[in-house]
Amino acid sequence: MLRALQIFLAISFIFIVAGCSNEDIHKENLLKRIETSFIEQGFKLENEGLQSDNELEGAIPYKYWVKLDNEEADYILVYFFSSNEAAKNAIDHQHYTISTLTNFNNYIYDNALIVHFAPMGDLKKYKEQIDKAVSHL
């Protein structure tokens, strides 16, 4: 018991010194799972990193271009919130500067809000694959 406590304290100290929090670790793990799940559905992904111009309720999203074969690319924004409830509440405050053709659809997983944008307006094009990717997280 004492040995387990010492190991726990040593690991906690390393994370504190390194600046990693459980929240950061959770976020990185979920981003990797999202990437893997989308790739398993056949998507080619291009990660554009954090996009401060799409901030929502204080959360800055990660942007990914997603594409299947020779189809036009769509993109997703992945937001992280403090809780599942905060992610759901953020949907009520969404406002994006997008063209009139662009449509978007929301997916919630854990404390993440994943927003699929279809710049040409065709959300159905990737709906089945995105539904599967999110359901396999």
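The values are calculated or read from the model by the stated rules, or taken from the named source; none is laboratory data. The model shown is predicted, which means the values in this text are computed figures rather than measured ones. All Cβ positions, glycine included, derive from the backbone under ideal geometry; neighbour counts span all protein chains shown.
Could you please give the count of residues in segment 68-83 that are touching a helix residue (DSSP H, G or I) at 6+ places or on another chain (Cβ under 9 Å), surrounded by fewer than 19 Cβ atoms within 10 Å (Cβ to Cβ) and under 17 Å from Phe38 (Cβ atoms)? Number satisfying all stated conditions: 3.
Scanning for something in contact (Cβ under 8 Å) with a residue 12 or more places away in the chain, surrounded by fewer than 16 Cβ atoms within 10 Å (Cβ to Cβ), within 15 Å of Ala112 (Cβ to Cβ) and under 11 Å from the mean Cα position of the chain (by Cα), does segment 40-50 turn up at least one residue? Yes; the residues of segment 40-50 include at least one that is in contact (Cβ under 8 Å) with a residue 12 or more places away in the chain, surrounded by fewer than 16 Cβ atoms within 10 Å (Cβ to Cβ), within 15 Å of Ala112 (Cβ to Cβ) and under 11 Å from the mean Cα position of the chain (by Cα). Scanning segment 121-128 finds one or more residues that are closer than 15 Å to Ile39 by Cα, assigned to a helix (DSSP H, G or I), without any contact (Cβ under 8 Å) to a residue 60 or more places away in the chain and not hydrophobic (A, V, I, L, M, F, W, C).
What number goes with the only condition from (1) at pLDDT 85 or above; (2) surrounded by fewer than 10 Cβ atoms within 10 Å (Cβ to Cβ); (3) over 28 Å from Lys125 (Cα atoms) that Ala86 does not pass? All conditions are met except number (2). Among the residues making up segment 107-120, those that are part of a strand (DSSP E or B) and under 16 Å from Arg33 (Cβ atoms) are Tyr107, Ile108, Tyr109, Ala112, Leu113, Ile114. Taking (1) outside any strand (DSSP E or B); (2) closer than 22 Å to Glu28 by Cβ in turn, Lys88 satisfies each apart from (2).
Evaluating Ala133 against the criteria (1) assigned to a helix (DSSP H, G or I); (2) surrounded by fewer than 14 Cβ atoms within 10 Å (Cβ to Cβ) leaves one unmet condition, (2).
When Ser21 is tested against the conditions (1) surrounded by 10 or more Cβ atoms within 10 Å (Cβ to Cβ); (2) of a type in the set (Gly, Ala, Ser); (3) modelled with pLDDT of 90 or more, the lone failure is (3).
Evaluation of Phe104 against the conditions (1) crowded, with 16+ Cβ neighbours inside 10 Å; (2) part of a helix (DSSP H, G or I); (3) at pLDDT below 95 shows that the sole unmet condition is (2).
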